[in-house]
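Asks: Have a look at this one before I ask anything.
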Amino acid sequence: MSGTEGQDYLERAQALRPLLVREAEAIERDRRLTPAVVSALIENGFYRMLLPKTIGGAELDPPSFMR
């Protein structure tokens, strides 16, 4: 995993901020992520960040993942 790839995921996460702000009230009220947030997380590969590249993951190292 390169630092560039970790930075890419950090930028993806920061780009989701407006969506999360818009959906915050519904998330708090319903106590679950909204379908729009789940879709954005899937589309941006956040559920596959730690998986090995051999099975379609990003294989991020733990420090990059935690950022």
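Asks: Taking region 37-49, which residues are assigned to a helix (DSSP H, G or I) and surrounded by 12 or more Cβ atoms within 10 Å (Cβ to Cβ)?
Replies: Once the filter is applied, which keeps residues that are assigned to a helix (DSSP H, G or I) and surrounded by 12 or more Cβ atoms within 10 Å (Cβ to Cβ), region 37-49 yields Val37, Val38, Ser39, Ala40, Leu41, Phe46, Arg48.
Asks: Looking at (1) open to solvent by 50 Å² or more (accessible area, probe 1.4 Å); (2) modelled with pLDDT of 95 or more, which one does Gly3 not meet, given that it meets all the others?
Replies: Against the list (1) open to solvent by 50 Å² or more (accessible area, probe 1.4 Å); (2) modelled with pLDDT of 95 or more, Gly3 comes up short only on (2).
Asks: If you check every pair at least six apart or on different chains, which have Cβ atoms under 9 Å apart with a residue in region 4-23 that is more than 13 Å from Leu41 (Cα to Cα) first and a residue that is part of a helix (DSSP H, G or I) and not aliphatic (A, V, I, L, M) second?
Replies: These pairs meet every condition: Glu5/Ser64; Gly6/Pro63; Gly6/Ser64; Gly6/Phe65; Gln7/Ser64.
Asks: A further question on this structure: Applying the selection to region 11-36, what residues are open to solvent by 100 Å² or more (accessible area, probe 1.4 Å), basic (Lys, Arg) and part of a helix (DSSP H, G or I)?
Replies: Across region 11-36, the qualifying residues are Arg17, Arg22, Arg29.
Asks: How do the pairs read when you match residues in region 27-45 that are modelled with pLDDT of 95 or more with residues anywhere that are open to solvent by 100 Å² or more (accessible area, probe 1.4 Å), using Cβ under 8 Å and keeping only pairs 6 or more apart or on different chains?
Replies: Once the first residue is modelled with pLDDT of 95 or more and sits in region 27-45, its partners that are open to solvent by 100 Å² or more (accessible area, probe 1.4 Å) give Leu41/Tyr47.
The values are calculated or read from the model by the stated rules, or taken from the named source; none is laboratory data. The structure displayed is predicted, hence computed values, not measured ones. Please note: Cβ atoms are built from the backbone with ideal geometry, for glycine as well, and neighbour counts cover all protein chains shown. Quick note on the areas: whole protein, heavy atoms, side chains included, nothing else; ligands and nucleic acids left out. Shrake-Rupley method; radii C 1.70, N 1.55, O 1.52, S 1.80 Å.
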